[in-house]
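To start, the structure under review is shown below, and the notes come after it.
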Amino acid sequence: MTGNIAHAGDFTLDVGGDIILDADGDNLKVNFSGTNYLDIYKTGNNIAFYQPVSDGDILFQGNDGGSAITALTLDMSDAGYATFNNGLAAGGALSMQSHNVNFNDNGKARFGDNSDLQIYHDGSASYIKDVGTGNLLLSSDGAAVILQTSQGEKCVEAVKDGTVNLYHNN
């Protein structure tokens with residue numbers, strides 16, 4: 001069969017087996033009112049989803065206990081910046097290339113099986129908190145460990161194999 005199928009109302013395919021779309025051109029295009037909104041295509045041995053509308057986002061939506069939610073938004077105006085509705089679990093390494101990991105006030109970066117190390121800001125002060133067993137250790141392969149103000153003034157300097165210097169009003 002060749003050509004187009006045109007139908008004025010809804011069009012339903014109801015088959016007893018699978019529906020197979022086989023495009024020798026390696027592209028499947030999805031249009032709405034004549035505008036192309038999605039291309040699914042083969043690239044090598046991979047499958048790609050492409051949103052050709054400039055800055056048009058890609059949304060993954062579903063039904064969560066009767067409520068419609070957007071689980072994931074890929075922001076195409078920001079190079080595909082991903083916004084997850086409720087958390088992210090990674091089974092392997094998580095690598096950041098050019099964006100930051102941002103936390104709202106009281107949002108904590110937690111490390112360890114029991115959230116033993118926490119780093120956060122409460123709107124007034126910033127915290128590095130060890131709430132587990134053991135000690136909180138700061139180490140450096142450099143010549144010293146230095147605690148300083150945001151203006152670069154030293155408060156404490158622990159020199160490797162040397163002295164510990166405390167600074168006041170410098």
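Available extension along the chain between residue 85 and residue 109 is 6.9 nm, counting 0.36 nm per residue and deducting the alpha carbon span. With a simple spin-label model that places each label point 7 Å from the Cα along the Cα-to-Cβ direction, the separation between residue 128 and residue 28 comes to 5.1 nm. For residue 81, the solvent-accessible surface with a 1.4 Å probe is about 80 Å², rounded to the nearest 10. Using the Cβ-Cβ distance between residue 45 and residue 74 with R0 set to 25 Å, the FRET efficiency works out to roughly 0.65. Rounded to the nearest 20, the Cβ-based charge dipole of the chain about its Cα centre (Lys and Arg +1, Asp and Glu -1) stands at 500 debye. Among 18, 78, 64, the largest mean-square fluctuation in a Gaussian network model of the chain, built with springs joining Cα atoms closer than 10 Å, belongs to 18.
Using just the C-alpha positions of the chain as equal point scatterers, what log10 of I(q)/I(0) does the Debye formula give at each q in 0.18 1/Å? Cα-only, vacuum Debye calculation for the chain: -1.45. From Cα pairs below 8 angstrom and at least 6 apart in sequence, can you work out the relative contact order of the chain, rounded to a whole percent? Result for the chain is 7 percent.
Note on residue 42: lysines with a C-alpha under 22 Å away, same-chain residues under 8 apart excluded, are 29.
Suppose R0 equals 22 Å; then what is the FRET efficiency for residue 10 and residue 35 from their Cβ-Cβ distance, rounded to the nearest 0.05? According to the calculation, E is roughly 0.65. Projecting the Cα atoms of 107, 56, 77 onto the charge dipole of the chain (Cβ charges, centred on the Cα centre) puts 107 farthest toward the positive pole.
The values are calculated or read from the model by the stated rules, or taken from the named source; none is laboratory data. This structure is a prediction, so every number in the text was calculated from the model and none was measured. Ideal geometry is used to build each Cβ from the backbone, glycine not excepted, and the neighbour counts take in all protein chains shown. The accessibility values were calculated without ligands, DNA or RNA, using every heavy atom of the protein model including side chains. Shrake-Rupley method; radii C 1.70, N 1.55, O 1.52, S 1.80 Å.
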